[in-house]
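Please read the structure below before turning to the comments.
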Amino acid sequence: MQEKFMRQALRLAEKANALGEVPIGAVVVCGGKVVGRGYNLRTKLQMATAHAEMRAIDQACRKLGSWRLPDAEIYVTLEPCPMCMGAILNARIARVYFGAYEQKGRSLTRELAGANLLNHTAEVTGGVLERECSELLTRFFSEMREREGKK
């Protein structure tokens, strides 16, 4: 089941990639159904908070009519940043599944998830379809460096 939903997040990451955005996608799942989807749109929207997770959480909250999502899980192609982990905890999401590890903040995700901030903790599982998620990001940044080098 984890791979099924991570593949959906990967498809969303590809949409971000097609727009020239850092290719990150996320889906929020509740009761086995996707209730929120998002992909990175920071550059297009010129909005610092337009991360995939934030957009997916916002959509899930609107769809379910609550800012609390205690029965939900989120699947994201890259380990969540501290801002997104804060939103995950604030929304009371129970489980986080991510693909690629963020090498600069790897331990911070788990520390935040288990710190009982906002009177909530979340289970975290990393490395779901890690190779596919990592390859997409590596290819994006490699192509970006190549384009910038040709300017």
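Using the Kirkwood radius built from alpha carbon pairs, what does the Stokes-Einstein equation give as D for the stretch 67-151 at 10 °C and 1.306 mPa s, in µm² per second?
Details: Rh = 13.7 Å.
D, rounded to a whole number, is 116 µm²/s.
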Net +/- balance of residues flanking PHE5 in space, Cβ distance below 12 Å, scoring K and R +1, D and E -1: +4
Lysine pairs meeting the criterion (Cα under 22 Å, 8 or more apart or interchain), as found in the chain: 8
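If you take the square roots of the eigenvalues of the alpha-carbon gyration tensor of the stretch 1-47 and sort them as a ≥ b ≥ c, do you get rounded (a/c under 1.5), prolate (a/b over b/c) or oblate? Working shown, then result.
Details: a/c = 3.96, a/b = 1.92, b/c = 2.06.
Since a/c reaches 1.5 but b/c is at least a/b, the shape of the stretch 1-47 is classed as oblate.
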Under-5 Å amide H pairs with ARG92, H placed in peptide plane, nonlocal only: LEU69
Around GLU73: net Lys/Arg minus Asp/Glu count, Cβ-Cβ under 10 Å: -1
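Translational diffusion coefficient, Stokes-Einstein: compute it for the chain using the Kirkwood radius over C-alpha pairs as Rh, at 20 °C and 1.002 mPa s, and state it as an integer in µm² s⁻¹.
The Stokes-Einstein estimate is 141 µm²/s.
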Helix 52-64 axis, angle to the chain major axis (alpha carbon atoms, nearest 10°): 40 degrees
Student exercise, the chain dipole from Lys, Arg, Asp, Glu Cβ charges, in Debye to nearest 20: 420 debye
Rounded to whole Hz, the Karplus (6.51, -1.76, 1.60) HN-Hα couplings of the stretch 130-136, x for glycine and proline: 3, 4, 4, 5, 5, 4, 4
Packing-based order for 63-71, 87-95, 22-30, using average beta carbon neighbours within 10 Å, highest first: 22-30, 87-95, 63-71
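In Å², what does the accessible area per residue of the chain work out to with a 1.4 Å probe?
Details: 8090 Å² over 151 residues.
Heavy-atom SASA per residue in the chain reads 54 Å².
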Lys/Arg +1, Asp/Glu -1 at C-beta; the stretch 7-151 dipole; positive extreme among THR109, SER134, GLN59: GLN59
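The values are calculated or read from the model by the stated rules, or taken from the named source; none is laboratory data. The structure displayed is predicted, hence computed values, not measured ones. With ideal geometry, Cβ positions are generated from the backbone for all residues, glycine too; neighbour counts draw on all protein chains shown. In case anyone asks, the SASA skips ligands and DNA or RNA and just uses the protein heavy atoms, side chains included. Shrake-Rupley method; radii C 1.70, N 1.55, O 1.52, S 1.80 Å.
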